[in-house]
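Structure, as structure tokens:
The values are calculated or read from the model by the stated rules, or taken from the named source; none is laboratory data. As the structure is a computational prediction, the values presented were derived from the model and not from experiment. When we count neighbours, we look across all protein chains shown, and the Cβ atoms used for this are built from the backbone with ideal geometry, even at glycine.
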Amino acid sequence: QLVEGYDSVLDRDGISGERTAHRLAALCAIGLTDQQGSHRLAFSKEEKEAKLLVQYWMEKAGMIVRTDGAGNVIGRIEGTASEKTVLCGSHVDTVPNGGHFDGALGVIAAIEVAEAWQEAGYVPEKSYEAIVFSDEEGARFHGGMTGSKAFMGELEEEKETKRIDIYGKSFEEVMKENGLTMESVVSAGADLSRYDSYMEVHIEQGKELEKLNQSTGIVTGIAGPAWLKLRFKGEAGHAGNTPMNDRKDALAAAGAFVSSLTQLPAKASSTAVATVGELNVFPNGVNVIPGEVTCTVDVRDIQVKTREKLLKKITSLLEEIEKSWGVSIEKEVSMKIDPVPADKDLQKTAAEILGAEAVYLPSGAAHDAMIIGRYLPMAMLFTKSRDGISHNPKEWSALKDCMNTIHVLKKMIEKRCSV
Ligand code: HGY
Ligand code: MN
Ligand code: MN
Ligand code: MN
């Protein structure tokens with residue numbers, strides 16, 4: 001399926017479509033669900049297995065591989081002339097029952113560059129590192145980008161030790177299961193003075209490139225996500241014997257919140273979005289008025305001020321719901337990252353390489369690149385997603401589009417690696 005419509009003219013400069021297709025297939029076989037999705041949650045045995053496979057590919061590409069205190073896997077090629085290093089990578093963890101390209105394509109792309117150089121006997125002036133960041137998605141601890149934050153020396157112990165995962169396990173416990181400690185994660189910060197820049201290939205997870213009929217897009221910036229955890233506290237009661245005007249129905253209140261929430265983003269900006277992705281009802285019984293509902297809210301925009309405006313509107317909506325439904329609502333901000341622009345020079349390099357095919361687009365999705373991009377010049381290249389579908393087993397990109405993007409990445413890195 002991957003190779004349908006593949007044109008072998010893309011097998012040039014040492015980049016191999018067949019190898020890329022096999023590696024995408026090999027990764028998606030790890031944690032494959034009955035619904036044919038990828039299920040590799042952060043710090044799970046599936047993520048670990050995927051990292052081991054990537055480590056093997058890095059070694060095969062002639063890289064020296066290390067794993068840091070946060071479980072990030074890094075393959076290195078020593079440059080000939082400069083102490084600076086160009087960094088490139090993504091993640092192999094997924095959302096529950098996710099797609100097969102999100103993260104995986106960027107990791108494979110970073111290694112393809114090294115593999116092509118090895119075949120050509122080419123050694124760059126600057127050093128080059130391909131990296132797999134742990135826990136980019138945040139689906140397990142409701143945080144996300146843990147590996148890239150740790151790599152940037154950003155993880156604060158007190159905040160991370162508090163995190164409990166969706167199975168009720170503490171962050172510390174899960175680190176131990178992975179042969180890591182809080183100490184190793186919090187002190188995994190790299191020496192950033194040694195790094196020149198960061199680049200990441202990622203599927204677009206939207207419909208812009210399809211509309212523009214382009215295989216590759218230059219990312220101008222990454223929207224800033226804020227994640228809330230809400231707890232609607234009502235009163236469990238008898239579904240049959242409690243009059244409708246005498247209830248504290250937590251689910252009815254949460255339902256009223258969710259339907260009003262969908263109207264709010266448009267009042268903040270044309271790019272603002274808000275999503276309730278997780279919702280749990282307690283006690284979840286057919287004849288019990290729900291006493292408690294917990295849910296998450298994912299709020300994003302490419303401008304921080306309009307994202308904050310949307311968050312304020314959500315807070316006032318929650319106050320209204322409390323009054324009209326007689327429930328109390330607890331709100332916690334579990335993650336908040338500001339939007340990050342992509343580096344202008346790197347965008348220009350990508351545009352020179354793409355020529356007339358150069359198109360620009362913002363990223364509504366969060367990426368490790370937004371953490372690294374706060375410290376280093378960052379660039380992202382998007383590959384066209386079919387129907388814009390992602391975080392879904394139907395997520396798919398044509399191999400020829402993946403290869404086009406990898407060719408652009410290789411030229412960008414070669415330009416950046418020459419001092
Ligand atoms: O949630 C996101 O935007 C990304 O997929 N982690
Ligand atoms: Mn991703
Ligand atoms: Mn994702
Ligand atoms: Mn991401």
Q: Report yes if ASP368 is buried (at least 20 other Cβ atoms within 10 Å of the Cβ) and not aromatic (Phe, Trp, Tyr), otherwise no.
A: yes
Q) In segment 338-368, which residue that is more than 17 Å from ARG416 (Cα to Cα) and of a type in the set (A, V, I, L, M, F, W, C) is nearest to ligand 3 (Cβ to nearest atom)? A) ALA365
Q.
For segment 72-114: of the residues being among the charged types (D, E, K, R) and crowded, with 24+ Cβ neighbours inside 10 Å, which is farthest from ligand 3 (Cβ to nearest atom)?
A. GLU112
Q: Please work out which residue is modelled with the lowest pLDDT, limiting yourself to segment 141-173 and to residues that are among the hydroxyl-bearing types (Ser, Thr, Tyr) and touching an Asp or Glu at 6+ places or on another chain (Cβ under 9 Å).
A: THR161
Q) Which of the residues spanning segment 143-174 are outside any helix (DSSP H, G or I) and either within 16 Å of ligand 2 (Cβ to nearest atom) or among the aromatic types (Phe, Trp, Tyr) (or both)? A) GLY143, GLY144, MET145, TYR167
Q | Residues that are within 13 Å of ARG76 (Cα to Cα) and either within 15 Å of ligand 4 (Cβ to nearest atom) or outside any loop (DSSP other than H, G, I, E, B) (or both), drawn from segment 114-142 | A | ALA114, GLU115, TRP117, GLN118, SER127, TYR128, GLU129, ALA130, ILE131, VAL132
**Q.** Residue satisfying all of: in segment 1-23; surrounded by fewer than 13 Cβ atoms within 10 Å (Cβ to Cβ) and in a loop (DSSP other than H, G, I, E, B); nearest to the chain's Cα centre (by Cα) among these
**A.** GLN1
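So, in segment 371-399, of the ones that are aliphatic (A, V, I, L, M), crowded, with 24+ Cβ neighbours inside 10 Å and more than 12 Å from ligand 1 (Cβ to nearest atom), which residue ends up farthest from ILE218 (Cα to Cα)? Let's see the steps before the verdict.
At the first step, the residues of segment 371-399 found to be aliphatic (A, V, I, L, M) are 371-372, 376, 378-381, 389, 398-399.
Subsequent filtering for residues that are crowded, with 24+ Cβ neighbours inside 10 Å retains 371-372, 378-381.
From the residues that got through so far, the ones that are more than 12 Å from ligand 1 (Cβ to nearest atom) too are 372, 378-381.
Details: ILE372: 17, MET378: 11, ALA379: 8, MET380: 6, LEU381: 5 Å.
Looking at the filtered set, the residue picked out is ILE372.
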Q) Restricted to segment 383-401, and to residues that are of a type in the set (A, V, I, L, M, F, W, C) and in contact with a helix residue (DSSP H, G or I) (Cβ under 6 Å, 6 or more places away or on another chain), which residue is farthest from ligand 4 (Cβ to nearest atom)? A) LEU399
Q | Test: residue in segment 234-250 that is at pLDDT 95 or above, under 22 Å from the mean Cα position of the chain (by Cα), surrounded by fewer than 21 Cβ atoms within 10 Å (Cβ to Cβ) and not polar (S, T, N, Q) | A | no
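Per-residue answers, yes or no, for (1) closer than 19 Å to VAL86 by Cβ; (2) away from ligand 1 (no atom under 15 Å from the Cβ):
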site: ALA190; (1), (2): yes, yes
site: SER193; (1), (2): yes, yes
site: GLU200; (1), (2): yes, no
site: GLY206; (1), (2): no, no
site: ALA223; (1), (2): no, no
Q | Pair list, Cβ under 6 Å, 6 or more apart: segment 117-139 residue more than 16 Å from ligand 2 (Cβ to nearest atom), other residue polar (S, T, N, Q) and assigned to a loop (DSSP other than H, G, I, E, B) | A | VAL123/THR80; GLU125/THR80; GLU125/SER82; GLU125/SER418; LYS126/SER82
Q. Of these, GLY206, GLY217, GLY189, GLY240, which one is in a strand (DSSP E or B) and in contact (Cβ under 8 Å) with a residue 24 or more places away in the chain?
A. GLY217
